[in-house]
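Student: Have a look at this one before I ask anything.
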Amino acid sequence: VTLAKGDLETGMEILNQELNSRLWNDDEKIKLRMKQNQILFYKSEIDFLFDDLTIITKEYSMEENDYNDIIDIMRVLIVFKDSPQLFKEYSKAQLKIHQNKRTEAINILNSLSYESEDILIKDLVSYQIANLLIYQNKPDEALDKLNSISEESIYDELSKILFAEVYDYILMDYLYAKEYYYNFLKTFPNSIYNEPIRLRLKEIMETSIQ
């Protein structure tokens with residue numbers, strides 16, 4: 001509740017009290033530390049946050065559902081490591097998203113993208129804006145954002161999947177969806193996402209035959 005209101009200090013105080021209590025086992029304390037790190041993210045404490053997440057990955061089981069989420073956050077921190085001011089803007093946008101203020105978040109992210117000359121930051125931001133635009137029911141604008149992502153980017157793979165999914169699940173243009181899924185499989189033959197894409201492509205093709 002405190003995070004939704006933007007009251008980060010009170011949220012941190014509550015978590016510190018809980019961590020100092022004897023109510024929680026080790027695994028539960030890691031979950032509480034993850035909540036702390038969420039607040040540190042919103043406060044743009046990039047160096048301390050990265051160090052603590054590194055420690056948590058060594059204490060946490062890789063089998064846990066949110067282990068990959070931790071790795072994803074660490075990747076974002078690496079992208080912004082040399083751009084602390086831009087990270088401050090990015091973290092501000094993430095808090096807006098948490099508060100369900102998507103339009104404000106999009107505006108912040110767009111400004112950040114204009115300010116940055118780093119292609120990786122631009123592509124990360126464009127991918128996130130595209131996701132937000134989808135939630136805003138603006139698929140055409142989302143597709144434009146996805147098209148702006150560099151083919152050399154680490155976000156190229158994810159952007160092409162999302163591009164196909166927009167045609168598939170939102171625009172329900174199965175002809176184009178089929179084409180984009182097929183092109184993805186050709187472009188990324190070793191992608192970890194290939195199996196679910198093959199299954200979806202098979203479903204589309206079977207439906208079109210009926």
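Derivation of every value follows stated rules applied to the coordinates shown; laboratory data play no part. Just so it is clear, the structure is predicted and the values come from calculations on it, not from any experiment. Here the Cβ is made from the backbone with ideal geometry for all residues, glycine too, and neighbour counts use every protein chain on show.
Student: In Å, what Kirkwood hydrodynamic radius results for the range 114-160 from the alpha-carbon pair distances?
Tutor: Mean inverse Cα-Cα distance, inverted, gives 10.5 Å.
Student: How many angstrom separate the Cα center of the range 97-152 from the Cα center of the range 51-92?
Tutor: Between the Cα centres of the range 97-152 and the range 51-92 lies a distance of 20 Å.
Student: Once you have the Kirkwood Rh of the range 52-91 from its Cα pairs, apply Stokes-Einstein at 37 °C and 0.692 mPa s and quote D in µm²/s.
Tutor: After rounding, the answer is 297 µm²/s.
Student: Considering only Cα-Cα distances, which of the following residue pairs are longer than 28 Å: LYS92/LYS178; LYS31/LYS101; LYS122/LYS160; LYS96/LYS145?
Tutor: Distance filter (> 28 Å) returns LYS92/LYS178.
Student: So what's the net charge close to ARG75: Lys and Arg +1, Asp and Glu -1, counting the other residues with Cβ under 12 Å from its Cβ?
Tutor: -1
Student: Farthest toward the dipole's positive end in the chain, which of LEU112, ILE78, PHE48, given Cβ charges of +1 (Lys, Arg) and -1 (Asp, Glu) about the Cα centre?
Tutor: Toward the positive end, the furthest listed residue is LEU112.
Student: So for the pair TYR176, ASN68, with labels modelled 7 Å out along Cα→Cβ, what separation do we get in nm?
Tutor: Distance between the two pseudo-spin positions: 2.8 nm.
Student: Give the cross-link partners of LYS29 among the lysines, using a straight C-alpha distance below 20 Å as the criterion and excluding same-chain residues fewer than 8 apart.
Tutor: Straight-line reach from LYS29, under 20 Å: LYS58.
Student: Rounded to the nearest 0.05, what FRET efficiency do TYR135 and PHE188 have when you use their Cβ-Cβ distance and R0 = 25 Å?
Tutor: 0.45
Student: LYS88: net charge of surrounding residues, Cβ under 11 Å, Lys/Arg +1, Asp/Glu -1, itself excluded?
Tutor: Summing Lys/Arg as +1 and Asp/Glu as -1 gives 0.
Student: I would also like to ask the following. Once every DSSP H run of n ≥ 4 in the chain is given -39500 (n - 2.57) and the sum is divided by its residues, what mean residue ellipticity at 222 nm do you get, rounded to the nearest 500 deg cm²/dmol?
Tutor: For the chain, the value works out to -23500 deg cm²/dmol.
Student: Further question on the same structure: Looking at the square roots a ≥ b ≥ c of the eigenvalues of the Cα gyration tensor of the range 9-75, which shape do they give, rounded for a/c under 1.5, prolate if a/b is larger than b/c, or oblate?
Tutor: In terms of gyration-tensor shape, oblate.
Student: Under a 10 Å cutoff between Cα atoms, tell me which one of LEU32, LEU199, LEU53 has the largest fluctuation in the Gaussian network model of the chain.
Tutor: Top of the fluctuation ranking is LEU199.
Student: Given [x] -0.65, -0.72, -0.94, -1.09; [y] -0.54, -0.64, -1.01, -1.31; [z] -0.75, -0.86, -1.15, -1.29 as candidate values of log10 I(q)/I(0) by the Debye sum over Cα atoms at q = 0.12, 0.13, 0.16, 0.18 Å⁻¹, which corresponds to the one derived from the coordinates?
Tutor: [z]
Student: In addition: Given the options ASP123, ASP168, ASP69, which has the most mean-square fluctuation in a GNM of the chain, springs set between C-alpha atoms less than 10 angstrom apart?
Tutor: In this elastic network of the chain, the residue with the biggest mean-square fluctuation among ASP123, ASP168, ASP69 is ASP69.
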